[in-house]
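Computed from the coordinates by the stated procedures, all read-outs in this text should not be read as laboratory data. None of these values were measured; they are calculated from a predicted model. As a convention, Cβ positions derive from the backbone with ideal geometry for all residues, glycine included, and neighbour counts pool all protein chains shown.
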Amino acid sequence: MAIESEVLVVGGGLAGITSAIAAAREGADVRLVCHKRTSLRQASGLVDGLGYVPARNEPREAAEITQRRKDFRTVRAERGSYTGPLVSPFEGVDELPADHPYSILGPEALREGLALFDELTGDMYRGSHTERNALVPTFGGTVKPTARYPRAVEAGLASDSRPMAVVGFRSLVDFDARMVADTLELADVPFAVTGAEVAFAEAFPDDAKITRFAKALEHDEPIDGTPARQALADAVDPHVGEAERVGFPALLGDDNTAAVRADLGDRLGVDVFEIPMGPPSLLGLRLEDRLYEALDAEGVRFQTGTPVVGYESSDGERIESVVVDHKGREVPYHADRYILATGGFVGKGLDSDRQRVEEPVFGCHVPHPEDRYDWFVDDAFGDHPYARFGVRPDASMQPLDADGKPEFTNLYAAGSVVGGADVAREKSASGVSLSTAVVAGRMAADPTQ
């Protein structure tokens with residue numbers, strides 16, 4: 001029996017989930033298929049909109065720079081050929097290249113994407129009260145301009161002038177509290193910051209430290225006869241000093257992190273917050289769980305472990321079905337319209353060899369120089385063309401062929417598979433995913449809009 005839906009989303013990341021929900025809210029019958037669950041578990045859990053833009057050739061007026069420093073309490077920085085951090089994720093859209101997704105869709109699409117994200121995450125995230133970026137310290141000690149951030153990191157914002165202590169665990173080598181503190185100081189943050197490493201739960205196995213730390217604190221398990229939270233508070237207390245807030249690596253519980261933070265805060269007499277970590281990321285895992293709950297609540301059918309390995313089209317203009325590998329058996333999935341949200345190079349939504357760059361599912365056109373030596377520049381931190389590789393869409397998020405015509409009449413694209421943005425340098429990855437997804441989902445549900 002044929003598997004059918006009105007809209008089929010290929011890809012289960014932030015863009016795939018958001019586009020599926022956007023289509024479902026327009027009344028479409030939606031199915032989502034993906035090879036794996038999202039890459040969110042590898043991400044920080046922060047939702048950036050736009051933090052940096054290509055540097056202007058002419059300097060900004062001194063009064064403007066002074067006001068921005070006053071507003072953000074941080075010095076504007078030059079990052080190679082990029083300038084920031086931006087006070088607002090919307091303020092720099094007009095400075096982006098013409099083929100950037102924000103330039104194609106306009107800032108309103110970013111607002112719509114963030115608004116949908118706010119609905120899906122509820123009180124789990126902060127930032128919807130303002131159009132300003134927040135400055136969030138990360139596990140590398142950098143300060144990231146962020147449009148939405150987990151409530152668990154709120155007390156650690158760099159715009160807060162209260163003195164801060166950063167605490168790490170000697171057995172958790174992926175987080176160096178002293179380095180975080182030193183790097184924050186070099187960033188000219190408006191508060192005193194110290195770092196310390198403490199002994200805590202050093203008997204946990206190396207391959208399970210992140211989850212074991214979280215579970216032990218969540219359930220207040222005894223560690224050497226002392227409840228975990230009290231043991232941690234006892235270890236940290238001598239290092240609090242004058243600090244009014246204390247940051248830990250983001251592993252303070254799993255399902256009930258708010259209670260863990262509150263309990264530790266009461267014991268230490270300070271505000272406690274989490275600092276986003278690299279993979280595996282509990283902040284990312286928490287967001288992933290919330291978004292998959294939202295998919296279910298919206299009535300979207302979804303399947304993981306079912307990669308798309310091909311498609312069928314009788315005329316080359318319209319996709320009739322995609323071929324899904326279901327436990328070694330190829331199964332056709334039929335839909336009226338399709339959304340490509342498979343990610344960029346990291347998510348395998350784009351592929352390359354020494355001669356070409358390609359989009360492997362539908363064979364969509366990916367503009368790139370013929371000479372592979374033109375894909376990058378000599379400066380490791382320079383403006384690499386490959387960072388912007390991806391399919392190029394029109395304003396309806398339909399991928400275009402080499403002649404500027406839609407690849408297929410019933411195909412849309414969203415997320416990192418879309419080119420034109422250097423999301424790592426711009427700090428725009430989540431914003432690009434959300435903005436392209438709401439448009440792709442809406443148009444796939446009703447192309448007549």
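Once the C-beta distance of Asp289 and Asp371 is scaled by a Förster radius of 51 Å, the resulting FRET efficiency is 0.70 to the nearest 0.05.
Taken over region 183-341, the percentage of Cα pairs per 10 Å bin, counting from 0 up to the bin with the maximum distance, is 9, 27, 23, 14, 14, 11, 3, 0.
The label-point distance for Ser128 and Val173, in a model that sets each label 7 Å from Cα toward Cβ, rounds to 4.2 nm. Among Lys405, Lys215, Lys327, the residue with the largest mean-square fluctuation in a Gaussian network model of the chain, with springs joining Cα atoms closer than 10 Å, is Lys327. Of the residues Ser352, Ser281, Ser430, the one that moves most in a GNM of the chain with alpha-carbon contacts below 10 Å is Ser352. Hydrophobic long helices, here whole DSSP H runs in the chain with Kyte-Doolittle means of at least -0.5 and Cα atoms spread over 20 Å or more along the helix axis, are found at 107-121, 282-297, 429-445. Comparing mean-square fluctuations of Gly106, Gly45, Gly390 from a GNM of the chain with C-alpha springs under 10 Å, the top value falls on Gly106. Antiparallel versus total DSSP beta bridges in region 139-275: what percent is that, nearest 5? Rounded to the nearest five, the antiparallel share is 10 percent. Our summary gives region 139-275 a relative contact order of 30 percent, counting only alpha carbon pairs under 8 angstrom and 6 or more residues apart.
At q = 0.15, 0.18, 0.19 Å⁻¹ the log10 of I(q)/I(0) for region 139-275 amounts to -0.67, -0.99, -1.10, computed by Debye summation with a single uniform scatterer per C-alpha, solvent ignored. Each 5 Å bin from zero holds the following percent of Cα-Cα pairs in region 309-404: 3, 11, 19, 21, 19, 12, 8, 5, 3, 0.
At 222 nm, what value in deg cm²/dmol follows for the chain if DSSP H runs of at least 4 each add -39500 (n - 2.57) and the sum is divided by all its residues, to the nearest 500?
Values: 11 runs with 121 residues, N = 449.
It lands at -8000 deg cm²/dmol.
On full extension, the segment bounded by Asp188 and Glu317 gains 40.9 nm, given 0.36 nm per residue less the C-alpha separation.
Largest first, the extents of the alpha carbon coordinates of region 80-122 on the three principal axes equal 36, 22, 14 Å. For the pair Gln355 and His334, label points projected 7 Å from Cα toward Cβ lie 3.7 nm apart. Modelled spin-label separation between Gln303 and Ala259, with each label point placed 7 Å from Cα along the Cα-to-Cβ direction: 3.8 nm. The Cβ shell under 11 Å around Thr257 holds other residues with a net charge of -2, Lys and Arg each +1, Asp and Glu each -1.
Taking Cβ atoms as reference points and 9 Å as the exclusive limit, the residues near Glu197 contribute a net charge of +1, counting Lys and Arg as +1 and Asp and Glu as -1. Stokes-Einstein, applied to the Kirkwood radius of region 334-390 over Cα pairs at a viscosity of 1.002 mPa s and 20 °C, places its translational diffusion at 169 µm² s⁻¹. The largest-to-smallest principal axis extents of the Cα set in region 351-449 are 46, 28, 19 Å. Only bridges with both residues in the chain count here: give the DSSP antiparallel percent, nearest 5. Of those bridges, close to 45 percent are antiparallel. Number of Lys pairs in the chain with C-alpha atoms less than 19 angstrom apart, excluding same-chain neighbours closer than eight positions? Close lysine pairs under the 19 Å cut-off: 4.
Considering Cα pairs under 8 angstrom that are at least six residues apart, work out the relative contact order of the chain and quote it in whole percent.
Reported as a whole number, the value is 25 percent.
Our analysis of the chain gives Rg over Rh at 0.99, with the two radii drawn from alpha carbon positions and Rh computed by the Kirkwood formula. Does anything in region 270-300 have its amide N under 20 Å from the 7 Å Cα→Cβ label point of Gln42, and if so which residues? So the set is 276-292.
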